[in-house]
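K.L.:
Below: one structure in structure tokens.
The values are calculated or read from the model by the stated rules, or taken from the named source; none is laboratory data. All figures in this text were calculated on a predicted structure; none of them were measured in a lab. Note that each Cβ is placed from the backbone with ideal geometry, even for glycine, and that neighbours are counted across all protein chains shown.
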Amino acid sequence: MTTWITICDTCKRDDWSEETHERPHGVDLAELIEAAAEGRDVRTRRVSCLMGCKQGCNVAIQAEGKLAYTLGRFEPVAEAAEGIVAYAEMHGASASGQVPFRDWPQAIKGHFVTRHPPLPGAED
Ligand code: FES
């Protein structure tokens with residue numbers, strides 16, 4: 001089951017201002033994640049706001065019938081994007097969506113915000 005990375009493209013971190021930034025940080029992170037996901041076994045999509053605005057940049061990791069996660073507090077940098085994509089691939093390879101801590105990419109540690117169990121009857 002392919003895992004989706006849903007990226008908030010309207011997130012602005014605390015240092016964002018109209019004078020210094022032309023677009024939201026979320027757009028920068030979305031582009032980096034989309035580039036990192038090229039040719040990998042994950043899908044991406046953008047949404048405007050995941051309602052975690054105070055801890056942007058935010059992404060959600062989801063696949064049908066599996067644990068779903070929200071991760072936040074990312075800077076829009078390539079290392080974060082690579083870590084998110086690598087983690088999403090491991091989520092996709094896991095039957096439950098759970099990935100052992102020892103396998104987590106360093107870039108995602110400390111970024112988990114929420115975990116959502118699959119709906120009843122939706123588990124594999
Ligand atoms: S703007 Fe990104 S979570 Fe609200």
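K.L.:
Restricting to strands (runs of 3 or more DSSP E) lying wholly in the stretch 1-101: which have 2 or more residues that are under 14 Å from His111 (Cα atoms)?
P.N.:
By residue number, 59-62, 68-71.
K.L.:
Given the condition at pLDDT 95 or above, closer than 15 Å to Pro24 by Cβ and touching a Pro at 6+ places or on another chain (Cβ under 7 Å), answer yes or no: does some residue in the stretch 49-61 qualify?
P.N.:
yes
K.L.:
Further question: Residues of the stretch 1-41 being in contact (Cβ under 8 Å) with a residue 60 or more places away in the chain, touching an Asp or Glu at 6+ places or on another chain (Cβ under 8 Å) and away from the ligand (no atom under 11 Å from the Cβ), which ones?
P.N.:
Met1, Thr2, Thr3
K.L.:
Looking at the stretch 42-81, which of its residues are surrounded by fewer than 21 Cβ atoms within 10 Å (Cβ to Cβ), in contact (Cβ under 8 Å) with a residue 60 or more places away in the chain, farther than 13 Å from Asp9 by Cα and of a type in the set (D, E, K, R)?
P.N.:
Of everything in the stretch 42-81, just one residue is surrounded by fewer than 21 Cβ atoms within 10 Å (Cβ to Cβ), in contact (Cβ under 8 Å) with a residue 60 or more places away in the chain, farther than 13 Å from Asp9 by Cα and of a type in the set (D, E, K, R), namely Glu64.
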